[in-house]
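The values are calculated or read from the model by the stated rules, or taken from the named source; none is laboratory data. This one's a predicted model, so the numbers in the text were calculated from it and none came from an experiment. Here the Cβ positions follow ideal geometry from the backbone for every residue, glycine too, while neighbour counts run over all protein chains shown.
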Amino acid sequence: MPKVKVGEIEINYHLFGSGFPVVFISGTGTDHTTWLPLVSHFDGYTCLLFDNRGMGQTSVPEGPYSTAQMGDDVAGLLEALGMEKAFLVGISLGSAVAQQVMIRHPQRVRGAVLLGTWAKTDRFIAGLLQLWADLQAVLSPRDYARMLLFWAASPEFINRNPDFVEPYLERVSAMNRPVAGYRAQVGAVKTHDTLELLTQVHVPVLVCHGALDMVVPVEHGRQVASRLPRAQYLEYAGAGHLLTIERGSELIPRIKDFFRECSF
């Protein structure tokens, strides 16, 4: 597994394909394997997958972490790999990190896709993620995966896709999820606040949100889009927080179209 030194940590990363870079940024408590089902659809691009600090095979430094710090990690990774500029695709915590990259390192970003995103953590999001951190510390990996699935996916999706559940549980259960790293990532979620800074972002941004998101309520995605000067907003009726899974057949072509639009 390739690793590269970025600041005080070593980041585990993987490259797929060739072409203009696309960086996929994972959510809280998940590693790069979250994105593996998607990369085959992005032919013509170099897909950069990596583990955020505290997760997977990346270093687990002592907290606290912040989304700003994690955004610096992404910019440092791009620099270390000789990638001058890239598209960003971030989900949940990954979308918050992508916001920070755009704010703090605008020269590195051609455009971004924010999935299940928010600008300022409220009591609901903070309380839910703290509950997840407390449960993750005591549940078995499989029970944690079950909890995550039934919170993050919509009832309709689970009812219509019974064959999806077992492979999902196996994949999420297999992730290396250090308790200390998880808690530090949750700390980054709880302190995230870019609400007054998003107006500084001048690259194109596609904001996508599930209307039934029970992790980050849809009002947050609408707010982010309203604050970004060059945002497009798509809302998916009936979808939950696992937007790439529930609406992948619609979402992936739209993301690719967005990338092409940004290239002109």
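Here are some notes:
- Filtered by the rule that a residue be assigned to a loop (DSSP other than H, G, I, E, B) and of a type outside the set (A, V, I, L, M), the range 105-144 gives His105, Gly116, Thr117, Trp118, Thr121, Asp122, Ser140.
Yes/no matrix, rows are residues, columns are (1) at pLDDT 95 or above; (2) touching a Cys at 6+ places or on another chain (Cβ under 6 Å); (3) within 21 Å of Phe259 (Cβ to Cβ); (4) buried (at least 24 other Cβ atoms within 10 Å of the Cβ):
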{"residue": "Gly90", "(1), (2), (3), (4)": "yes, no, yes, yes"}
{"residue": "Gly94", "(1), (2), (3), (4)": "yes, no, yes, yes"}
{"residue": "Pro106", "(1), (2), (3), (4)": "yes, no, yes, no"}
{"residue": "Gly127", "(1), (2), (3), (4)": "yes, no, no, no"}
{"residue": "Ala137", "(1), (2), (3), (4)": "no, no, no, no"}
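- Those residues of the range 1-55 which are outside any strand (DSSP E or B), polar (S, T, N, Q) and under 18 Å from Ala80 (Cβ atoms), in sequence order: Asn52
- Listed by first and then second residue, the pairs linking a residue in the range 48-71 that is in contact (Cβ under 8 Å) with a residue 40 or more places away in the chain to a residue that is aromatic (Phe, Trp, Tyr) and surrounded by fewer than 24 Cβ atoms within 10 Å (Cβ to Cβ), with Cβ atoms under 8 Å apart and 6 or more places separating them unless they lie on different chains, are Asp51/Tyr13; Arg53/Tyr65; Gly54/Tyr65; Gly54/Tyr182; Met55/Tyr182.
- Filtered by the rule that a residue be out of contact with any helix residue (DSSP H, G or I) (no Cβ under 7 Å at 6 or more places or on another chain), under 19 Å from Val189 (Cβ atoms) and small (Gly, Ala, Ser), the range 210-264 gives a lone residue, Gly221.
- Pairs with Cβ under 6 Å, 6+ apart, first in the range 17-31 and surrounded by fewer than 22 Cβ atoms within 10 Å (Cβ to Cβ), second at pLDDT 95 or above and of a type in the set (Phe, Trp, Tyr): Gly17/Tyr45; Gly19/Tyr45; Phe20/Tyr45
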